[in-house]
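Have a look at the structure below, then the notes.
The values are calculated or read from the model by the stated rules, or taken from the named source; none is laboratory data. Computed from a predicted model, the values in this text were never measured in an experiment. No Cβ is skipped: glycine too gets one built from the backbone with ideal geometry, and neighbour counts run over all protein chains shown. Accessible surface areas use protein heavy atoms only, side chains included; no ligands, DNA or RNA. Shrake-Rupley method; radii C 1.70, N 1.55, O 1.52, S 1.80 Å.
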Amino acid sequence: MTDIPATYESSRDQFRAALASLSNRWAGSRLLSHSLADNSDLTIDVISADATRDKQKLLILTTGLHGIEGYVGAAVLQLFIEEYLPRLDPETTGLLRVHPINAYGMKHRTRVNKNSVDLNRNFEENFDSLKPLNSYYESLAHLLNPARPLINPFYEKLAFARNVLKALPKGASHIREAALMGQYRVHNGMYFGGFEPQAETKFIQKIVGDAVSDYAQIVLLDIHTGYGPRWQMTLVNPPSEKQTAKETATRFNVPLVAGVNPDEFYTIHGDMVEYFHKMVASKYPDKKVYAGAFEFGTYGESLLQGIHSLQTTALENTLRWFGGSDAMHTWMKREYNELFVPANPKWWQKAQADARQAFDGILSAEEYFKE
Ligand SMILES: [Zn+2]
C-alpha cells in the first residue's frame, strides 16, 4: 500500500531509500542528487540502474515536471518499485527514475519553477521564434492575469465568472487554447514557457540523452495530474507518435488515450515527452521508442470543471505575483491541492488501479516483463 507523500523531503527520503531494493538485483545502481544552483537543499534526484549483461531495454520514469504534480508522481514511482520491479530482468533491462524534475515547484506546491516557468513548455531551442505564439493571450489578460492583489474568495469568484462571460463570445475553445497552449512573452503570466532553457530542462536533457545512447529500446513515461476526466487516467501520446490514439489504446489495453493535437488535446510547444520522442527518433532511427504521459484527472473535464480549473490556475498565479488576503491564501491552497493532489482516498485508489493497468499494458506490449 503506497501513500501520497506529505512533503517534498519525506518523498525524497522514500525515493532515495528505494536504491537499496534496486541494488539487490541491479549491481552498480546509483543515486545522483543534483543541487539546483541557488538552493542546495533542493535537489533533482536520479536513480539509474543499468542492465547488468546486455543493454537491450531502458525504462525511464520521470515525475514532478510540474512541481506539485510530483506528489502523486512519487507515489506512482513507489508503486512501481513495489509491484513491478520484480517482474523486470536486470540482465537486459535498465532503469532511470527521476524525482522530481521541478524540485522548487514540488517543495512550494506549485506547477512552475523558481522563475515562474512551466517546464513542460520549455523544451525548445529558439525562444525568439516562439514569442509571437498565442497572440490572443494579452487580450484575455483581465481574465488570466488580473495584475492586482486578490481580495477574498467570494469577490474573486464573482469577478472571474464575470470575466469568463465577457470572454465567452470569443468561444470556449479560443479561451482554452489561449489559456493552455503556453506563451513566451509575459513572464508573470500563466503557462509561461520561459525566455531561455531552464537549468532543470538542461539537466534532464543531459541525463536522458546520455542514458538512451546505449539501449536498443526505450520506454519513457512522464507522470502528471490535473488534466482529463477525474475517474480515468489518460495516456497522452506526443504529436510525433505515429500510432493513433485508438491504436495505442488497443495495443496497450488502456481505456483512454489522447494525442496532442488541437482535436484531441490542445496545441502546446516545448513539451518534454515530445522533445525526447523526437530526439530519439531523429538521432537514433534504429532504436525502438515509446514515450507518453500519464495524466491523472482531478476536477474533471466538463465545461464548468474546465472553467473551475482555469480559475484555480489563474488565481494561484496572481496570488504568487501580487499577493492577497489571508482568506485568499487559505482558500487557494485548498483549491490548488485539489487540482493536483486530491484528498479523497477513493481518488487515489482509482489512480493506482489505472497506473497498474497502464504499466501492465505498456510493459507487456513492449515486452519488458520476464516471461
Ligand atoms: Zn503536468
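For the peptides 103-111, 174-182, residues were scored by their other Cβ atoms within 10 Å and the scores averaged per peptide; the highest-first order is 103-111, 174-182. Among beta bridges identified by DSSP and lying wholly in the chain, the antiparallel ones come to about 35 percent. Phi-derived couplings, Karplus 6.51 cos²θ - 1.76 cosθ + 1.60 at θ = phi - 60°, listed residue by residue for region 197-202: x, 7, 4, 4, 4, 5 Hz, with x used for Gly and Pro. Helix 326-340 and the long axis of the chain differ in direction by around 40°, with both axes built from C-alpha atoms.
Checking the cross-link pairs 55/288; 131/278; 55/370; 202/278 against a 19 Å limit on the alpha carbon distance flags 131/278 as lying beyond it.
For the chain, the share of accessible area belonging to carbon and sulfur comes to 54 percent (1.4 Å probe, ligands and nucleic acids excluded).
Counting only residues at least eight positions apart within a chain, or on another chain, the aspartates and glutamates with an alpha carbon under 13 Å from that of residue 57 are 89, 91, 214, 366, 367. I need the shape label for region 217-368. Rule: rounded when a/c is under 1.5, else prolate if a/b > b/c, else oblate, with a, b, c from the alpha carbon gyration tensor. Prolate, since a/c reaches 1.5 and a/b exceeds b/c.
Using only the C-alpha atoms, the convex hull of the chain corresponds to 131 Å³ per residue.
In summary, the aspartates and glutamates within cross-link reach of residue 166, defined as a Cα separation below 17 angstrom excluding same-chain residues under 8 places away, comprise 138, 156, 177.
Rounded, prolate or oblate, given the Cα gyration tensor of region 125-199, with a/c below 1.5 counting as rounded? Oblate, since a/c reaches 1.5 and b/c is not below a/b.
Taking label positions 7 Å along the Cα-Cβ direction at both residue 125 and residue 321, the computed distance is 3.0 nm, reported to one decimal. Largest mean-square fluctuation among 158, 133, 88, in a Gaussian network model of the chain whose springs join Cα atoms under 10 Å apart, belongs to 158. Per-residue 3J(HN,Hα) values for region 357-370, derived from phi via the Karplus relation 6.51 cos²θ - 1.76 cosθ + 1.60 with θ = phi - 60°, read 4, 5, 4, 4, x, 5, 5, 6, 4, 8, 6, 8, 7, 5 Hz in sequence order (x marks Gly and Pro). Among 120, 163, 102, the largest mean-square fluctuation in a Gaussian network model of the chain (Cα springs under 10 Å) belongs to 163.
Work out from phi, with θ = phi - 60° and the Karplus expression 6.51 cos²θ - 1.76 cosθ + 1.60, the ³J(HN,Hα) of each residue of region 218-224, listed in order in whole Hz, and give x for Gly and Pro. So the Karplus estimates, Gly and Pro as x, are 10, 10, 10, 10, 10, 9, 9 Hz. Between residue 251 and residue 210, the contour length at 0.36 nm per residue exceeds the alpha carbon distance by 11.9 nm.
Most tightly packed first, judged by the mean number of other beta-carbon atoms within 10 Å of their residues, the peptides 348-358, 271-281, 61-71, 22-32 read 61-71, 271-281, 348-358, 22-32.
In the context of the full set of protein chains, residues of the chain present 42 Å² of accessible surface per residue (probe radius 1.4 Å, heavy atoms only).
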